[in-house]
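What follows is a short report on a single structure.
The values are calculated or read from the model by the stated rules, or taken from the named source; none is laboratory data. What you see is a predicted model, and the numbers here were worked out from it, not measured in a lab. Cβ coordinates were reconstructed from backbone atoms using ideal geometry, including for glycine residues, and neighbour counts include every protein chain displayed.
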Amino acid sequence: MSVLVTRNAPDFIAPAAMPDGTIEEQFQLSSYRGKHVLLFFWPLDFTFVCPTEIIALDHRFETFADQGVQLIGVSIDSQFTHHAWRRTPIEQGGIGPVKFPIVADVKHGIARNYGVEHPDEGVAMRASFLIDKDGVVQHMTVNNLPLGRNIDEHLRMVEALRFVEEYGEVCPAGWCKGDSGLKPTTKGVADYLTSHSREL
């Protein structure tokens, strides 16, 4: 697996189950250029940890949207399986009508281009990529199959990226929205540590 941070996010065109219940046969990642994107992979539909993550993302959809972030999901299932999973009630192990596109990667090309295909199982690992408005990957996480992601941590990284873009400062350890940043200079770090080192 290669690290994609600082590199252009690999573009793709693939079918997707859309939020309005339709299927888009030519869904393209680069059509979202100019917006922040959280692109996330999971192993398989109709499984176990996967719906918990997807529902957690859907519950925070508006919060991500308020930050200008488009959520896009990907797994190796077909667009028809995605569509069926969206139509399956949560109480029956489905995900319900989630508010973001779900891309079909049936040939595994997207997972391979992002370096997240599991070496033994042939499915995507639990990987997430935060992509900026220019299409550059700014943050990535990859979990093995049993380990569910913390969606609030993804949101924190979105807020950190937006802070850096807006103010030109950097985010120290444990930074959360509303905290102080620091200027990326020798004096900036000295000033920050003078005031905040005990909190670290």
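For region 112-121, indicate whether the set of residues that are buried (at least 18 other Cβ atoms within 10 Å of the Cβ) and either polar (S, T, N, Q) or more than 19 Å from A9 (Cα to Cα) (or both) is non-empty. No, the conditions are met nowhere in region 112-121.
Quick one: in region 153-200, of everything that is surrounded by 13 or more Cβ atoms within 10 Å (Cβ to Cβ) and among the acidic types (D, E), which residue is nearest to T141 (Cα to Cα)? Top of the filtered list is E159. Being touching a Gly at 6+ places or on another chain (Cβ under 9 Å) and modelled with pLDDT of 95 or more is a property that holds for V37.
Answer yes or no as to whether I90 is in contact (Cβ under 8 Å) with a residue 24 or more places away in the chain, over 16 Å from P10 (Cβ atoms), out of contact with any Cys (no Cβ under 9 Å at 6 or more places or on another chain) and hydrophobic (A, V, I, L, M, F, W, C). Criteria met by I90. Just to be sure, is V136 surrounded by fewer than 19 Cβ atoms within 10 Å (Cβ to Cβ), within 21 Å of L4 (Cα to Cα) and in contact (Cβ under 8 Å) with a residue 40 or more places away in the chain? In short, yes. Each residue in region 58-71 was checked for being assigned to a strand (DSSP E or B) and of a type in the set (A, V, I, L, M, F, W, C), and 2 of them qualify.
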